[in-house]
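Enquirer: For reference, the structure I am asking about is given below.
The values are calculated or read from the model by the stated rules, or taken from the named source; none is laboratory data. Here the structure is a predicted model, which means the values were calculated and not measured. Here Cβ is always computed from backbone atoms with ideal geometry, including for glycine, and neighbour counts include all displayed protein chains. These accessible areas exclude ligands, DNA and RNA; they are computed on the full protein's heavy atoms, side chains included. Shrake-Rupley method; radii C 1.70, N 1.55, O 1.52, S 1.80 Å.
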Amino acid sequence: MASQPARIVSAWRPAVPGVVEVFHARFTEYAYPMHVHEAWTLLIVDTGAVRYDLDRHEHGTPHDTVSLLPPHVPHNGSPATPDGFRKRVLYLDGTYLGDELIGAAVDRPDLRDPLLRKRVGQVHGALLRPGEELEAESRLMFVGERLRGHLRGDSDQPRPTDPVLARRLRELLDERVVEGIGLREAAGLVGAHPAHLVRAFSTAYGIAPHQYLTSLRVGRARRLLLEGRSPGDVAAATGFYDQSHLTRHFRKLVGVPPGRYRAR
C-alpha cells in the first residue's frame, strides 16, 4: 500500500498585534495552487526548499532566506527538494508593512539577510511560549523595521539614543509589573513609535523591555516564595502565565526552580 504524503500542520492566532496567523507546516509532496492572501506572508524554511511563482516569475526559498510575499498578489508553492520542506510562516496585517510596499516586495520577495532570518526565528520561538507576547511583539518590531528598510532601500544607519524616552518606558513597566503593557499602548502613552521605543530602552539599559519586565516579576516572586507562598500562587500574583512560565524564567535568572529556592 502506497504511503500517504506527509502533511503536518500547526496554526494559531496569537495575542500579538499585527499577527493574523502563525502557521508551521511540514510537507513532502503537497503543492499549493495559485492563490492570494489578504495578509503579508513572511516565510522562512527550516529544511528543504520551496519553489514558487509570484507575478509570473519563479522564485525559491533556501534555508538562509527570508521570503516576503505581498497581499493580493497570486502565488503558488511546491517542494523544490525530494524530501519536501518544513516552513514557518507569519501572516501579518498592515501594522508593520503598508500597501505602498507591495510593488517592492513583488520585485524582490526573497531577502538574503542572516540577521533578519535570525530575528524572524526568534519571533517564532517567543510565539511558541505562552506568556511571552511582549517578547514576540518587541522582536517583531525589529523585524518590521528591517523589512521596511529592505523594501525602501534604506541604509542601515545607527539610531540616535533617547534616554528620556527610555526612562518613561521603564516607569510604565515599573507601574505595571503584574498586568504588563503592550508596546503599542506604551508607545501611545509616551508619544513614540513602538520600534523606536524598544530601541531607545535597549540602548539605554542594555536589556530589552520584555527582559526587564521579567526580571521585575522574578524579583517579586522571590520575595513571595520566601514568605511561604506556593509557586502556583506566586505565578498568578506576579504576572506569569502559569506556574511553568514562572519556573522557566525563575530557573534561568536564579539558577534553581521556585520549589527548590525556598527549600531549607
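Enquirer: Taking 1 over the mean of 1/r across every pair of different Cα atoms in segment 50-190, what Kirkwood radius in Å do you get?
Expert: Numbers: mean 1/r = 0.0578 Å⁻¹.
One decimal place: 17.3 Å for the Kirkwood radius.
Enquirer: Out of the total accessible area of segment 1-108 (probe 1.4 Å, heavy atoms of protein only), what percent is carbon and sulfur? Please list the in-between numbers first.
Expert: Numbers: 2840 of 5500 Å².
Carbon and sulfur atoms account for 52 percent of the accessible area of segment 1-108.
Enquirer: Given labels modelled 7 Å from the Cα in the Cβ direction, how far is it in nm from Glu38 to His57?
Expert: 2.8
Enquirer: Further question on the same structure: Run the simple label-point estimate for Asp233 and Ile8 please: 7 Å along Cα→C-beta, distance reported in nm.
Expert: 4.2
Enquirer: Further, regarding this structure: With charges only on Cβ, +1 for K and R and -1 for D and E, what is the dipole size of segment 211-261 about its Cα centre, in debye, rounded to 20?
Expert: It works out to roughly 180 debye.
Enquirer: Next up: Rolling a 1.4 Å sphere over the protein heavy atoms, what is the accessible area per residue of segment 163-206, to the nearest Å²?
Expert: 46
Enquirer: Moving on to the next point. Given a Förster radius of 22 Å and the C-beta distance between Asp154 and Ser78 as r, what FRET efficiency does 1/(1 + (r/R0)^6) yield to the nearest 0.05? Write out the running numbers ahead of the final one.
Expert: Details: r = 33 Å, r/R0 = 1.51.
The formula returns an efficiency of 0.10 here.
Enquirer: Hey, another quick one. Give me the percent of the accessible area of segment 211-261 that comes from carbon and sulfur atoms, probe 1.4 Å, all protein chains in place.
Expert: Details: 1240 of 2670 Å².
Of the solvent-accessible surface of segment 211-261, carbon and sulfur hold 46 percent.
Enquirer: Give a residue-ordered list of calculated ³J(HN,Hα) values for segment 226-242 (Karplus: 6.51 cos²θ - 1.76 cosθ + 1.60, θ = phi - 60°; whole Hz; x for Gly, Pro).
Expert: 5, 7, x, 7, 6, x, x, 5, 5, 4, 5, 7, 10, x, 7, 4, 6
Enquirer: Could you pull out the GluC sites (Glu not before Pro) across segment 167-263 that fall in loop regions by DSSP (anything but H, G, I, E, B) with no more than 11 other Cβ atoms inside 10 Å?
Expert: Numbers: sites: Glu171, Glu175, Glu179, Glu185, Glu227; in loops: Glu179, Glu227.
Qualifying residues, ordered by number: Glu179, Glu227.
Enquirer: Quick one: putting +1 on the C-beta of Lys and Arg, -1 on the C-beta of Asp and Glu, what dipole do you get for segment 13-91 around its Cα centre, in Debye to the nearest 20? Kindly include the intermediate steps, with their values, before the conclusion.
Expert: Working: 7 positive and 9 negative charges, 37 e Å.
Using only the charged Cβ atoms, the result is roughly 180 debye.
Enquirer: Assign unit charges at the C-beta atoms only (+1 for Lys and Arg, -1 for Asp and Glu), then state the dipole size of the chain relative to its Cα centre in Debye, rounded to the nearest 20.
Expert: Working: 36 positive and 31 negative charges, 291 e Å.
It works out to roughly 1400 debye.
Enquirer: What chymotrypsin sites (Phe, Trp or Tyr not before Pro) does segment 173-264 have in DSSP loop regions with at most 16 other beta carbons within 10 Å?
Expert: Details: sites: Phe201, Tyr205, Tyr212, Phe240, Tyr241, Phe250, Tyr261; in loops: Phe240, Tyr241.
The qualifying sites are Tyr241.
Enquirer: Sticking with this structure for a sec: So what's the angle, to the nearest 10 degrees on a 0 to 90 scale, between helix 194-205 and the longest Cα principal axis of the chain?
Expert: The helix 194-205 is inclined about 50 degrees to the chain.
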